[in-house]
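> Got a structure for you, questions after.
The values are calculated or read from the model by the stated rules, or taken from the named source; none is laboratory data. This is a predicted model, so every value here is computed, not measured. Cβ placement follows ideal geometry from the backbone for every residue including glycine, while neighbour counts extend to all protein chains displayed.
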Amino acid sequence: MLSKVSEFIQKEGLIDDSDKVLVAVSGGRDSIVLLMLLNNLKVPIEVAHCNYQLRGEESESDEKFVKGLCEKLQIPFHTNRFETVNAAKKEGISIQMKARDLRYSWFYKLVKERNLTKIATAHHLDDQLETILINLTRGTGLKGLRGMKVKRDNIVRPLLCVSRDEINDFIYANHIPFREDCSNASGKYFRNKIRHQVIPVLKEINPSLFQAINNSTKRLKAVECNWEEQYEAWKSTLKTKDNSLILPFSQIQKATITFLQQFFRSKGFSYPDIESMISTKHKGKSFYGKDNWKVVTASNQLEIFQSKEPELKEYYLDQEMPIDLTIECFENGITLQPNGNKAYINADKVQGKLKIRKWKQGDWFIPLGMNGKQKISDYFTNNKFSLKDKEDTWLLCDAEKVVWIIGHRSDNRYRVDPGTKNIYVISLQ
């Protein structure tokens, strides 16, 4: 397998003599084989191990194992311990997604600090097939069917020429120790269901499954390259005016829908928004993507521009504010008369000084009368806020949390109950 991987690296131009490579090593069989192969090929390498602290003592043993192996091989070893669960909860995303963000952010940082040139990961043919099937199951386009690239920017995947069975044969033939991740056998993960239930059936149908998938990805890669050339040519036809791109509806009607989707998706617009903005029925409307990209529809065209990122201003209640908000403090016992423009807040629960600001992605609260948390963006959607409504809404916050979506709903954690001693009555005039 050493010669096979070596030929693949040379053929695909993954690593050359000037490269210094950071190898991502979990301790599992795939990453250990990648480490051993690159070391045997005399590639200058350093190892990065992520301890996500998700599996208790197993995570600690994984780190200890990889560190010991690197010491034995005299390879520089780096590790990082992430508070993965807390970080995922804070952002309201899955643990797997947050773990990916954490590791690649750290990898890029290490590459810069250590003057390295490439990041090598241990994805192999089985991973490629699983990824394609997952993408296909969820709905995908050309890139999803093509799967993972052998090389993307400075990330290389030298094992995309070998299967899991070949890796296992190499492990056992050479008596190489590795760590087994028990989560790989768990049926609760979507990828594992594909791995253990779907792929074995496909292999029965076609014993040459990996060769077939490999051939298909090569063909799709060629189609994708041709498509990208046409897409770039189409983009060059867009007109500019005062730092904005102008896309007439007449040009939209002639354009390939995939060009339009790729263009707007690259700027962070959702598919429903894309469908709305390219429809001549929706004029005089604004749409917002990521990185402050904005589309404004006019009678005969779309104007696409990147607005300057607004500063997230905060105003304490003892300062001059852009809205007319008053606050009074009473001892418990007053008659509560809540309405949309008045909130009764348990003053004993407030941390630090109260302030107001606009909402940002990731903000959440627990709506009054409920137990579960909800993203502010979901609250807006559920209550049919228009784009202007969202822009005009202010949040009342303490040092740590959202206290009240001003004029709408307060947070259940600040509710007034019989044990409350002091109450803030906050009114929007």
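> Residues of the stretch 206-258 being closer than 30 Å to Gln301 by Cβ and aliphatic (A, V, I, L, M), which ones?
Ala233, Leu238, Leu245, Ile246, Leu247, Ile252, Ala255, Ile257 - these are the residues of the stretch 206-258 that are closer than 30 Å to Gln301 by Cβ and aliphatic (A, V, I, L, M).
> If only one of Gly284, Gly268 is at pLDDT 80 or above, outside any helix (DSSP H, G or I), at positive phi and surrounded by fewer than 15 Cβ atoms within 10 Å (Cβ to Cβ), which one is it?
Gly268
> Please count how many residues of the stretch 329-378 are charged (D, E, K, R), in contact with a strand residue (DSSP E or B) (Cβ under 8 Å, 6 or more places away or on another chain), outside any loop (DSSP other than H, G, I, E, B) and more than 12 Å from Val403 (Cα to Cα).
Residues flagged as charged (D, E, K, R), in contact with a strand residue (DSSP E or B) (Cβ under 8 Å, 6 or more places away or on another chain), outside any loop (DSSP other than H, G, I, E, B) and more than 12 Å from Val403 (Cα to Cα) within the stretch 329-378 amount to 5.
> Of the conditions (1) over 23 Å from Pro76 (Cα atoms); (2) under 21 Å from the mean Cα position of the chain (by Cα); (3) surrounded by 15 or more Cβ atoms within 10 Å (Cβ to Cβ), Arg138 satisfies every one except a single condition; which number is it?
(3)
> Take the residues in the stretch 382-429 that are of a type in the set (Lys, Arg) and free of Cβ contacts under 8 Å to residues at least 60 places away in the same chain; name whichever of them is nearest to Gln337 (Cα to Cα).
Only one residue fits best here, namely Arg409.
> Answer yes if at least one residue in the stretch 287-309 is of a type in the set (Asp, Glu) and either within 16 Å of Ile252 (Cα to Cα) or modelled with pLDDT of 80 or more (or both), and no otherwise.
Checked against the condition, which is being of a type in the set (Asp, Glu) and either within 16 Å of Ile252 (Cα to Cα) or modelled with pLDDT of 80 or more (or both), the stretch 287-309 yields at least one hit.
> Moving on to the next point. Only one of Arg55, Arg29 is farther than 24 Å from Glu113 by Cβ, buried (at least 21 other Cβ atoms within 10 Å of the Cβ) and touching a helix residue (DSSP H, G or I) at 6+ places or on another chain (Cβ under 9 Å). Can you tell me which?
Arg29
Residues checked against (1) out of contact with any Cys (no Cβ under 6 Å at 6 or more places or on another chain); (2) under 28 Å from Phe8 (Cβ atoms); (3) free of Cβ contacts under 8 Å to residues at least 12 places away in the same chain:
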| residue | (1), (2), (3) |
| --- | --- |
| Gln74 | yes, yes, yes |
| Asn86 | yes, no, yes |
| Lys112 | yes, yes, yes |
| Leu116 | yes, yes, no |
| Leu125 | yes, yes, no |
| Ile132 | yes, yes, no |
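> So in the stretch 55-105, with the set limited to residues that are over 27 Å from the mean Cα position of the chain (by Cα) and among the acidic types (Asp, Glu), which one is nearest to Pro177 (Cα to Cα)?
Here the residue is Glu71.
> Go through the stretch 61-72 residue by residue and tally those that are in contact (Cβ under 8 Å) with a residue 12 or more places away in the chain and among the acidic types (Asp, Glu).
Number of matching residues: 2.
> Moving on. Note down all Cβ pairs under 8 Å where the first residue falls in the stretch 209-226 and is in the same structural domain as Thr140 (by TED's automatic domain parsing), the second is hydroxyl-bearing (Ser, Thr, Tyr) and surrounded by 15 or more Cβ atoms within 10 Å (Cβ to Cβ), and they're at least six residues apart or on different chains.
Phe210/Ser163
> Determine which single condition Gly27 fails, assuming it passes every other condition in (1) over 22 Å from the mean Cα position of the chain (by Cα); (2) outside any loop (DSSP other than H, G, I, E, B); (3) not hydrophobic (A, V, I, L, M, F, W, C).
(2) is the only condition that Gly27 fails.
> Select, from Leu354, Leu396, the only residue that is over 20 Å from Glu91 (Cβ atoms) and more than 29 Å from the chain's Cα centre (by Cα).
Leu354
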